[in-house]
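First the structure, in the form of structure tokens, and then the observations on it.
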Amino acid sequence: MKVPRRTLEALPLSICLAISGYIHAQLYVRSYHFIPTIGPSFHWDAAASMAVAVLLLVGNAGVLRILAAGLCLSGLGGFTLSRTVGLFGFTERGWQPSPQAPLSVVAWVAALVLLLIPAIRQFREHQNARDYVAVGNE
């Protein structure tokens, strides 16, 4: 069975999102479900991350990549706020809970890097095409 190229390209990104989703589901079930506002947000983040991870494997559409970036950026934002000024009255310290906190951050950052690679490639191709046209007109 031959796997479509777009599915293979989406696989690393899907894995990063699935890791983040699994971690949030695990934290929700183990203890965070008692925390008002934060608990349900962990539940929704887990569900959304898993859904986008699966949908990326089915169809690597631009809107799914935007959703993936939003999930990663909101996760990093929530992580940062919970360790600085607090988020809905909820605060944590350092890399706790461990190992979930550092694993989540690594998954989010890796996903954002994977999302940036095609954009950088497309930008470079556009620059090269523009340079070629400029040289060709001389």
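Extension gain, Leu76 to Trp95: 0.36 nm times the residue separation minus the Cα-Cα distance gives 5.6 nm. In region 1-48, the portion of solvent-accessible area held by carbon and sulfur atoms comes to 69 percent [1.4 Å probe, whole percent, DNA, RNA and ligands not counted].
Whole-percent P(r), the chain, all Cα pairs, 5 Å bins from 0: 2, 10, 17, 20, 15, 11, 9, 6, 4, 3, 2, 1, 0, 0. Taking Lys and Arg as +1 and Asp and Glu as -1, the other residues whose beta-carbon sits under 15 Å from that of Trp108 total +1.
Dipole magnitude of the chain about its Cα centre, charges +1 at Lys/Arg Cβ and -1 at Asp/Glu Cβ only, in debye to the nearest 20?
Numbers: 10 positive and 6 negative charges, 44 e Å.
In debye, rounded to 20, the chain gives about 220.
Accessible surface for the chain, divided over its residues, is 64 Å² per residue with a 1.4 Å probe. Potential lengthening of the chain between Leu103 and Leu115 amounts to 2.5 nm, from the contour at 0.36 nm per residue minus the alpha-carbon distance.
Taking θ as phi - 60° and the Karplus parameters 6.51, -1.76 and 1.60, the scalar couplings of region 91-104 work out to 9, 9, 10, x, 9, 8, x, 10, x, 4, 4, x, 5, 4 Hz in sequence order, x denoting glycine and proline.
The values are calculated or read from the model by the stated rules, or taken from the named source; none is laboratory data. Fair warning: this is a prediction, and the values are worked out from it, not measured in the lab. Glycine gets a Cβ as well: all are built from the backbone with ideal geometry, and neighbour counts include every protein chain shown. Surface areas here come from the heavy atoms of the whole protein model, side chains and all, with no ligands, DNA or RNA. Shrake-Rupley method; radii C 1.70, N 1.55, O 1.52, S 1.80 Å.
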